[in-house]
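The numbers here are math on the coordinates, done by the rules we state, and not lab data. All figures in this text were calculated on a predicted structure; none of them were measured in a lab. Every residue, glycine among them, receives a Cβ derived from its backbone with ideal geometry; neighbour counts consider all protein chains shown.
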Amino acid sequence: MARTFDLILKGGTLVNHDGEGLRDVGVTGGRIDEIGDLSRASAGEVIDCRGLHILPGVIDSQVHFREPGPVHKEDLETGSRAAVLGGVTAVFEMPNTNPLTVSAETLADKVKRGRHRMHCDFAFWAGGTHENAKDIPELERLPGAAGIKVFMGSSTGSLLVEDDPGVAAILAQTRRRAAFHSEDEYRLEERKHLRVKGDPRSHHVWRDVTTALQCTQRLVRIARAQRAKIHVLHISTAEEMVFLKDHKDVASVEVTPHHLTLDASAYDVIGAKLQMNPPVRELHHQAGIWRGVEQGIADILGSDHAPHTLEEKAKPYPESPSGMPGVQTLTPLMLDHVHAGRLTLARFVDMTSAGPARLFGIANKGRIAAGYDADFTIVDLKRVETIRDSWIASRCGWTPYDGKRVTGWPVGTFIRGARVMWDGELVSPARGEAVRFHDAL
Ligand code: DOR
């Protein structure tokens, strides 16, 4: 008897943990039901994917969606709309909102706000602080919690644990992998005078290589002493990549599309739009980060989507806030790098689906396998497009890549079997749900 599914993706090239090949995918009840030749099967909906590649859904484990708080820049609805238009199926959102996400109540509030209002699936990082370290065992296992995030250097918002005892107290409590913004606050304070008013080119002079490297070295030392797993976010220096090579047993590594695509020369073109923490630096750092991708030192990609309005960005440096949008451009930019031969499509898939699933213990997502959630990012590797501000769905309404031509484009986003985006249009109502994790089932 021919089988019947809710949905069949037909004729596409499936890219998966077991390679790449022409395979159909049958979906039932939001889950992947069967992979193979389904030419004799029928379905409620059949999508012709000939000429397209079907990837496991892209997971972006670092975004700032600003809600509750400064929702004039973004909220959970607009941020997740940008995500799905860019082919992203799940996001982990950061705790530097207002109020800060540092308690069971503030976390539950975000989960409630996100459910069926966000277009993609979601989890929320809980901020680790001096005050809440003792609550971490409960906090990191709450429904919708991605884990604990710590800012060791101050950035947007007031979250900060700058001292070794403070970080140690947090890592003494964590069982899950905690994520770190690694810039040395003491050095940042000492060097504030190096900021040149009106000149964002001084941003990476102030927040220099030593600021990042020294902090990452301190962090790894503390993690070893506490026998804790850590995740070092947005690596911005060649030196940290070399250092982290020797610490892969305790530390996982995130790299961002902006550190892989842009370099400090862009300050002359886009000014404070390039201003980000940790900073975008000279070209040899970009090369060092690519080397980390090639060598497998970098585990995953995250966008660090951090929108600010154009008015805010137009303030004279250093009043201009740090951060740029990125969730919608992650997939097209990285596919363009695939096209240019800088990484393989398989490596991109590992860094955006299997990688996050492995590091954070995501249940039922991160690979195209029977029984897993039917989350797919469908891409056209040949499509040439120009990224434009007008395409950006983030409330901030701009991208540092305006005018950039790329080869490779996300054309479809499926989440738990529902077609959410197709050919640039949002085609389903928001049905986002909390991501589930093995350590908190
Ligand atoms: O540049 C940044 N902006 N880096 C961060 O760590 C925070 C982010 C934001 O929230 O604006």
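Some notes on this structure:
- Here the relative contact order of the chain, from alpha carbon pairs under 8 Å that lie six or more residues apart, stands at 21 percent.
- Theoretical FRET efficiency, 1/(1+(r/R0)^6), r = Cβ-Cβ of ALA108 and ARG195, R0 35 Å, to 0.05: 0.35
- Under 12 Å, Cβ to Cβ, from VAL384 - net charge with Lys/Arg +1 and Asp/Glu -1: +1
- Partners for LYS229 among aspartates and glutamates (Cα-Cα distance below 15 Å; same-chain residues under 8 apart left out): GLU140, ASP246, ASP249, GLU254, ASP299, ASP439
- Note on the chain: with charges restricted to the Cβ of Lys and Arg (+1) and Asp and Glu (-1), its dipole about the Cα centre is near 300 debye.
- Only lysine pairs 8 or more places apart or on separate chains count here, and in the stretch 98-213 those with Cα atoms under 25 Å apart total 6.
- Per-pair calculated FRET efficiency, R0 = 25 Å: ARG358 and LEU22 via Cβ, rounded to 0.05: 0.40
- Taking Cβ atoms as reference points and 14 Å as the exclusive limit, the residues near THR407 contribute a net charge of +2, counting Lys and Arg as +1 and Asp and Glu as -1.
- With Cα atoms, 0 to 90° folded angle of helix 283-294 axis to the chain main axis: 40
- Against the chain, whose longest principal axis comes from its Cα atoms, helix 209-226 is set at around 70 degrees.
- Taking every alpha-carbon pair under 8 Å whose residues sit at least 6 apart, the stretch 372-441 reaches a relative contact order of 31 percent.
- Electrostatic bookkeeping for PHE65 treats Lys and Arg as +1 and Asp and Glu as -1; over the other residues with beta carbon under 13 Å from its beta carbon, the sum is 0.
- Remark: the ARG405-ASP389 segment gains 4.5 nm on full extension, using 0.36 nm per residue and subtracting the alpha carbon distance.
- Label-point gap, in nm, between LEU310 and GLU294 - each point 7 angstrom along Cα→Cβ: 3.9
- Spin-label zone in the stretch 232-256 - amide nitrogen under 16 Å from a point set 7 Å from the Cα of ARG221 along the C-beta vector: 243-244, 247
- Take every DSSP beta bridge whose two residues both sit in the chain; close to 50 percent of them are antiparallel.
- Nearest 10 degrees, 0 to 90: helix 330-339 Cα axis against the chain principal axis: 80
- Positive-end extreme of charge dipole, the stretch 263-418 - chosen from HIS305, PRO279, GLY323 (charges on Cβ): HIS305
- Here the contact order of the stretch 282-368, divided by its residue count and restricted to Cα pairs under 8 Å and six or more residues apart, works out to 25 percent.
- Using the alpha-carbon positions of the chain, Rg (one decimal) and Dmax (whole number) come out as 20.7, 75 Å.
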